[in-house]
Amino acid sequence: MPEYESGTEYIAHHLGFLKYGQKADGSWGIAHTMEEANAMGFWSIHLDSMFMSLLLGVIFMGVFYFVSRKATSGIPGGLQNAVEFIVEMVQTTVKSTFFARNELIGPLALTIFCWIFMMNLMDLVPVDWIPLTAAFIAQDSHLYFKAVPTTDLNITAGFAISVFFLIIFFSIKIKGFGGFLGEFAFHPFGKWALPLNLIMEVPSFLAKPVSLALRLYGNLFAGEMIFMVIALVGLFQLPLHFAWAVFHILIITLQAYLFMMLTIVYLNQAHTEPEAH
């Protein structure tokens, strides 16, 4: 395990990403220092976030595929019970929140909830285990590796922007381009208050992806920071880690559910004509 001069250095290292990009000398490669990482700029790739996201996505699809192939109408096993509970929860949420007809919404909601929940779940793994495993495999004791994809704003923003594009797509598909623009120009106060309508509606519309991304990122980042502080305690870190992890289970589940719920609500609004004034 690498030695750190202070707790600040320990936290700073654990907040670093495994970045791949163009270095100052023009070559492309992995950043081995914070200075190299910062110099790579916007077009660098966070390999750790991408790897963990894809790995967890594959695990999610694999588990659900396995359960669907082995499902029985008799007495189900624990895994089948868990999957059926999640599917029923998502179905109930969609039916009570989405009032149009769109076969995409159910699978989309299920994917969002399960994928984000699994990403969040990585926050419960002791903060050193996965980074140290990655460092051992790479034979680099100071390798940067963040194991929780939802503590990367790029990942949460990717989810939020994808939902935002779906909102725009279905708004235009259902209401037409004119109807989509009319929501900003003529509501809530009618056509005679067009400037006021635009001032009120456009910022609130653009705030949707921002709030989605920052809410998920902020809560998971804060939880990760607390786990890092606990890791510095030493002798009592495991009892403290367990105590915080029990409470944090609620947070990671709630954040996945909120992201799913808001996605359904926003897409329901995209399928619904605004009330006339």
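Just so it is clear, none of the values below were taken in a lab; they were calculated from the coordinates. These figures come from a predicted structure and were not determined experimentally. Cβ sites come from the backbone with ideal geometry, for glycine too, and all protein chains shown count toward neighbours.
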### Query
Label PHE165 and ASP140 with points 7 Å out from Cα along Cα→Cβ: what is the distance between them in nm?
3.0
### Task
Any lysines with Cα under 29 Å of the LYS191 Cα? List them, leaving off those in the same chain fewer than 8 positions away.
LYS173, LYS175, LYS208
### Message
Give me the percent relative contact order of the chain, please, defined on Cα pairs under 8 angstrom at least 6 residues apart.
### Response
24
## Note on the structure
Projected onto their principal axes, the Cα atoms of the chain stretch, largest extent first, over whole-Å spans of 66, 59, 35
### Message
Just want the ordering: THR111, THR263, from fewest to most Cβ atoms lying within 10 Å of their own Cβ.
### Response
THR111, THR263
### Task
For each of ARG69, ARG215, count neighbouring Cβ atoms within 10 Å of the residue's Cβ, then give the residues from fewest to most.
ARG69, ARG215
## Note on the structure
Going from the fewest other Cβ atoms within 10 Å to the most, one would list TRP115, TRP43 as TRP43, TRP115
### Query
Distance in nm between label sites at VAL58 and GLN80, each 7 Å beyond Cα in the beta-carbon direction?
2.7
### Task
Would you please state the base-10 log of I(q)/I(0) at q = 0.16, 0.26 1/Å for the range 114-167, with intensities from the Debye formula using one equal scatterer on every alpha carbon?
-0.58, -0.98
### Cα-based shape type of the range 1-77, given that a ≥ b ≥ c are square roots of the gyration tensor eigenvalues and the cut on a/c is 1.5
oblate
### When the convex hull of its Cα atoms is projected in every direction, mean area for the range 152-275 (nm²)
8.9
### Estimated inter-spin distance, LEU250 and TRP192, nm [label 7 Å along Cα→Cβ]
5.1
### Ordering of 72-79, 142-149, 25-32 by burial proxy (mean other Cβ atoms within 10 Å per residue, highest first)
142-149, 25-32, 72-79
### Query
Hey, how much of the P(r) for the range 87-203 falls beyond 24 Å, as a percent of Cα pairs?
53
